[in-house]
Amino acid sequence: MKKDFWSDLEKPILALAPMAGYTESPFRRLVKEIEPSVILVSELISTEAICHNNEKTMRMIEFHPDEKNYYGVQLFGSRTESFIEAAKVVEDLGADFIDLNFGCPSPKIINSGNGSALLKDPDSSARMIEALVKSTKLPVTVKMRLGFYDDKDLVNSAKNFESAGISALAIHGRTTLQKFKGHSNWEKIYEVKENLKIPVIGNGDIDSAEKAREFLQNLDGIMIGRAALKNPWIFKQCREIFAGKPVSPMPEIREQLAFFRRHAELASEFKGEKWAMIELRKHFAHIARGFHNAAKFREKLIRIESLSGLDEVFEEMLGEK
Ligand SMILES: Cc1cc2nc3c(=O)[nH]c(=O)nc-3n(C[C@H](O)[C@H](O)[C@H](O)COP(=O)(O)O)c2cc1C
């Protein structure tokens, strides 16, 4: 029996968007600690690498038990057999669902027929989905863009994917050619929802709880990416606004730094202190916005090699407050 939780989730569904290099297990855990109802998903993972038992890849799909209910692994690839084999590995790992990447616009991915290249031939992609859905006990979801070149096949593609058996659909309101330019077109996402029964989740450019409420319309949920890197409290703020409560402000700088300290700690446990400090550099850009000496401290933060070094800079930051 397929264990499908998608239709029973608390509405609106809130999901952290997959972001390669950012939404690794330590960050996901912290986001879920702040707002336990958030749905989590790994960054995009190659089906071929899973099939070859690639060590680095196997590490990338790992998750902490705290991420369960619900954590999915996002797969990219193009061969049906590889999706099926990789899904078995994900199932054995104990993840809650499988998400299919039909949205990545990166040339490296699409030139080999993966990611959003699968939107060029939605019929054949739907056949692949159907075979995968039949082969796995896990619910399968798709995260797609509006289309590859334009959005004219969107509604039909979405209907095909639904008929193929997916449990939910997340749509980033841009085409592949658009990459990240322009605005996410939410009207097209609403149109898809009018034609589908499964939960449809909208994605693109939400940067506040107010915007989440404004954009939700007829959808079942929203997915937030970049804004969650700057404000991991955004999902809690969304829950508040959807419950008709006042939105709590971003926490004080001390709590923001405590969040980051914990992120660094979890990342060190996950992959070692040195690795963590290097990997976290890209997150430093988001720390302490609005802090009066932010640029000076970010400069110091990107040179840090240990947790104790991090503590020193944080103490200095709090001292200057
Ligand atoms: C750095 C970065 C990495 C991303 N990696 C992935 C990925 O691995 N899989 C995926 O489906 N989308 C990926 N995306 C797209 C996001 O999931 C999301 O669709 C997009 O950022 C729009 O949402 P936002 O405006 O809330 O950020 C990535 C986006 C960014 C900025």
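Just so you know, all these numbers are worked out from the coordinates, no wet-lab data involved. Keep in mind that this is a model prediction, so the values were computed, not measured. Don't worry about glycine lacking a Cβ; one is built from the backbone with ideal geometry, like all the others, and counts go over all protein chains shown.
Quick notes on this structure:
- The overall shape of segment 151-220 is oblate: from the C-alpha gyration tensor, with semi-axes ordered a ≥ b ≥ c, the ratio a/c is 1.5 or greater and a/b is no larger than b/c.
- Legend: distances between Cα atoms for Lys2/Lys245; Lys3/Lys152; Lys108/Lys282; pairs beyond 31 Å are Lys2/Lys245; Lys3/Lys152.
- Note on the chain: Rg/Rh from C-alpha atoms, Kirkwood Rh, equals 0.97.
- By the Kirkwood approach, averaging reciprocal distances over each pair of separate Cα atoms, segment 160-280 gets a hydrodynamic radius of 16.7 Å.
- Alpha carbon convex hull of segment 217-321, volume per residue in cubic angstrom: 118 Å³
- Cα-Cα pairs of segment 218-267 separated by more than 13 Å (percent): 66 percent
- Chymotrypsin sites (Phe, Trp or Tyr not before Pro) lying in DSSP loop within segment 159-262, provided at most 15 other Cβ fall within 10 Å: Phe180
- Short to long, the 5 Å bins of the Cα pair-distance histogram for segment 182-226 hold 5, 24, 35, 23, 10, 3 percent of all pairs.
- Environment charge at Glu62 (Cβ cut-off 13 Å; Lys +1, Arg +1, Asp -1, Glu -1): -1
- Principal axis extents of the C-alpha atoms in segment 100-158 (largest first, rounded to whole Å): 32, 26, 16.
- Estimated [θ] at 222 nm from DSSP helical runs (n ≥ 4, -39500 (n - 2.57)) normalised by residues in the chain, nearest 500: -13000 deg cm²/dmol
- Calculated diffusion of segment 15-168, Stokes-Einstein form, Kirkwood radius summed over Cα pairs, 4 °C and 1.567 mPa s, µm²/s: 84 µm²/s
- Each listed q (0.17, 0.23 Å⁻¹) maps to a log10 I(q)/I(0) for segment 98-196, found by the Debye formula over equal Cα scatterers with no solvent: -0.68, -1.22.
- Scaling against 2.2 N^0.38 Å puts the C-alpha radius of gyration of segment 11-54 at 1.35.
- Segment 1-90: translational diffusion in µm²/s, Stokes-Einstein, Kirkwood Rh over Cα pairs, 37 °C, 0.692 mPa s: 236 µm²/s
- Just so you know, the Cα atoms of segment 57-100 work out to an Rg and Dmax of 10.3, 32 Å.
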